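Undergrad: Sharing a structure with you now.
Read-outs throughout are calculated quantities, based only on the coordinates presented, and are distinct from any laboratory measurement. Values in this document were obtained by computation on a predicted structure and should not be read as measured data. In this analysis, Cβ positions are derived from the backbone assuming ideal geometry, glycine residues included, and neighbour counts consider all displayed protein chains.
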Amino acid sequence: MQIINPSEGELFRKILGDEWQNLHTDIQARFAKNPGVGAPLYYTGFLSELSCSRLGKFLGLITMPFIQGALIPYRDKNFPVDIQVYSKPNCLFIFKQRTYRLNNRKPIQFTSYMRESEKGEVLEYVGAGLGMKLVLHVHEGNLHFTSDGYFWDVLGFRIPLPGILTPG
């Protein structure tokens, strides 16, 4: 049995329901694209602000070997970000490889993957079972992602992490 490659757009359309129609048509068009195996999608943009708390900086530094930069321990403004969205054969995950080109630092690259939970939630994993539940909403035609908490998947159990143990 072959698995059909997943699409961010299909997932987001399902999660947003009728709110999908309130998205700007350019955003709808962006998420109408579905990466095929061996045919990734590429995007470039700018991040206006990156920040972290002192604890977030500490967590970013100590987790770097395990999750390869997903928790960035720096602050910066107005820098380019390259994103590659891709799929793998017979896999239901949506993969995103990000390259953050911070000012006056070497680029930071990491890969995350996104999936829908059994409860219809959007979950994004950054490595070693660490993930975040995302809440999607539309405001003034734009798509917004808000964290609804970090968790750690261990042996099939999703364990919520207390706010003090998260990057913020």
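Undergrad: Where Lys and Arg each count +1 and Asp and Glu each count -1, what net charge lies around residue 97 among other residues with Cβ under 15 Å from its Cβ? Kindly include the intermediate steps, with their values, before the conclusion.
TA: Details: positive: 88, 96, 98, 101; negative: 8, 82, 124.
After counting each charged neighbour, the total is +1.
Undergrad: Right, another one. In the range 132-159, whose amide N lies under 13 Å from the spot 7 Å out along Cα-to-Cβ of residue 50? List them in ranges.
TA: Counting only backbone N, you get no residues.
Undergrad: While we're here: What full-extension length gain, to one decimal in nm, is calculated for residue 121 and residue 152 as 0.36 nm per residue of separation minus the Cα-Cα distance? All intermediate terms of the calculation are to be shown ahead of the outcome.
TA: Details: separation 31, 0.36 × 31 = 11.16 nm, distance 1.53 nm.
Using 0.36 nm per residue and subtracting the Cα-Cα distance, I get 9.6 nm.
Undergrad: Let me ask you something else. Given [x] 1, 8, 16, 21, 23, 18, 9, 4, 1, 0; [y] 2, 8, 15, 17, 17, 15, 13, 9, 4, 1; [z] 1, 8, 14, 20, 21, 18, 12, 4, 1, 0 as candidate values of P(r) over Cα pairs in 5 Å bins from 0, in percent, which corresponds to the one derived from the coordinates?
TA: [z]
Undergrad: Here's a follow-up. Roughly how many debye, to the nearest 20, is the charge dipole of the range 8-165 about its Cα centre, given +1 on each Lys and Arg Cβ, -1 on each Asp and Glu Cβ, and no other charges? List each step's numbers first, then the result.
TA: Working: 18 positive and 15 negative charges, 136 e Å.
Dipole magnitude for the range 8-165 comes out near 660 debye.
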